[in-house]
Amino acid sequence: EAKLGEDSGYCFFHPKMEEQMLNRHRVQREFLESIHACHLVLHYQPQMDVASCRVIGFEALIRWPLANGGHRPANEFIGLVEADGRLIRSLGRYVLEQALSQLTTWRAQGFETTVSINIGARHLLAPEFLEDVDTALRKHPVSRTALKLEITETAYLSDLEKTAEVLAACRARGLKIALDDFGTGYASLSYLQRLPCDQIKIDQSFIRQLLDNPQNQAIVAALITAARLLDIEIIAEGVETAEHALRLLEMGCLLAQGYAAARPMPPEAVIDWTRQQQPNQTLPEWAHHAAT
Ligand code: C2E
Ligand code: MG
Ligand code: MG
Ligand code: MG
């Protein structure tokens, strides 16, 4: 049992905690090595216009390849990455580069689309953020309007004014802005007035309980109304079933992202997958297609 004492080196830590710390540092070091070795990959998840079954773009999600050929999803390690300012900035620079490079490759193959990337709060508010953006844009002079930056609520909570400033600077460069995981904060709606943005993404937690929780439905309806009034695009994330997509459509949310359409896929699969979609097939057909 660890006890507080002046002469024991790690008295604040239970041995278990110390082990977790060491593990944490090991994972962080391995992550940085993987970035430097360009081992990390982006997988792409389509965003759909539900009524027309048209693909409107893709969200890029970071994946850490495993030795067995599988991939570790972001939610298993992004917390550790965000806890370290240097790591989250390195990841941000890497993802900017990779996404722009992918857009360039696709364009050369005659495939035009848009890509959304996730930006960590600490990177966005770091003094070198805009420089990182400019460096990547100079290196990959693809159409800037094809790139969207997704920012989650934790980013603006810490410094709303600074966040607004940086987002405005990004938009001045032609980039699009999305507010990710939207609706969970107590002041979400007030952010819409204060932050320049092009799209809001309704948090998955609301969608999951959409069909049987009237309170969730009320919140989603309020977000949809607010977005319409402010002329901001709104998309639901975590849409897992056709039933959810249809309910959202009825409520006036026309865009959806989630397993109902597709799981995130490697870039090599994107063009084929998109060509297999049949724009303007009737909604029940899509729902059937999505459910199977
Ligand atoms: P997010 O940006 O909100 O991304 C959506 C997450 O939900 C992704 O998890 C995606 O795989 C998952 N998802 C998509 N559709 C469904 C669905 O229908 N059902 C369910 N249950 N899940 C769905 P992932 O890839 O593990 O990413 C988790 C979070 O990690 C992301 O949440 C984002 O905040 C962060 N993240 C991912 N990639 C990056 C990155 O390149 N940079 C940074 N800074 N953060 C990233
Ligand atoms: Mg996102
Ligand atoms: Mg999200
Ligand atoms: Mg999230």
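The values are calculated or read from the model by the stated rules, or taken from the named source; none is laboratory data. Everything quoted here is computed from the prediction, not taken from an experiment. Positions of Cβ are backbone-derived with ideal geometry, glycine not excepted, and every protein chain shown enters the neighbour counts. Quick note on the areas: whole protein, heavy atoms, side chains included, nothing else; ligands and nucleic acids left out. Shrake-Rupley method; radii C 1.70, N 1.55, O 1.52, S 1.80 Å.
Annotations
- Some residue of the range 67-76 being among the charged types (D, E, K, R) and either closer than 14 Å to Met265 by Cα or open to solvent by less than 30 Å² (accessible area, probe 1.4 Å) (or both): yes
- Gln209 meets all of the listed conditions (1) farther than 21 Å from Ala126 by Cβ; (2) away from ligand 4 (no atom under 16 Å from the Cβ); (3) in contact with a Lys or Arg (Cβ under 7 Å, 6 or more places away or on another chain) but one, namely (3).
- Boolean, Ser34 is open to solvent by less than 80 Å² (accessible area, probe 1.4 Å), at negative phi and more than 22 Å from the chain's Cα centre (by Cα): no
- Leading residue by the ranking (least open to solvent (accessible area, probe 1.4 Å)) among those in the range 104-138 that are farther than 15 Å from Leu175 by Cβ and part of a helix (DSSP H, G or I): Trp106
- Among (1) more than 14 Å from ligand 4 (Cβ to nearest atom); (2) part of a helix (DSSP H, G or I); (3) closer than 24 Å to Glu97 by Cβ, the one test that Ala155 misses: (1)
- Scanning the range 97-133 for residues that are within 12 Å of ligand 1 (Cβ to nearest atom) and either acidic (Asp, Glu) or touching a Ser or Thr at 6+ places or on another chain (Cβ under 8 Å) (or both) yields Glu97, Asn118, Ala121, Leu124.
- In the set (1) of a type outside the set (Asp, Glu); (2) within 16 Å of ligand 1 (Cβ to nearest atom); (3) surrounded by 15 or more Cβ atoms within 10 Å (Cβ to Cβ), the condition left unmet by Leu211 is number (3).
- Residue in the range 273-286 that is open to solvent by 10 Å² or more (accessible area, probe 1.4 Å) and within 16 Å of ligand 3 (Cβ to nearest atom) present: no
- Any chance Gln204 is closer than 23 Å to Ala236 by Cβ, within 16 Å of ligand 2 (Cβ to nearest atom) and crowded, with 20+ Cβ neighbours inside 10 Å: no
- Taken residue by residue, the range 186-197 has no member that is more than 15 Å from Glu150 (Cβ to Cβ), out of contact with any Leu (no Cβ under 8 Å at 6 or more places or on another chain), at pLDDT 95 or above and open to solvent by less than 50 Å² (accessible area, probe 1.4 Å).
- Pair list, Cβ < 9 Å and 6+ apart or interchain, from the range 69-92 residues that are away from ligand 4 (no atom under 16 Å from the Cβ) to residues that are acidic (Asp, Glu): Arg89/Glu128; Arg89/Asp132
- Which listed residue is modelled with pLDDT of 95 or more and out of contact with any helix residue (DSSP H, G or I) (no Cβ under 9 Å at 6 or more places or on another chain), from Glu128, Glu112, Glu165: Glu165
- Output for the range 159-184, where each listed residue is within 16 Å of ligand 4 (Cβ to nearest atom) and open to solvent by 20 Å² or more (accessible area, probe 1.4 Å): Asp181, Thr184
- Test result for Ala136, under 30 Å from Gly110 (Cβ atoms), more than 16 Å from ligand 3 (Cβ to nearest atom) and at pLDDT 90 or above: yes
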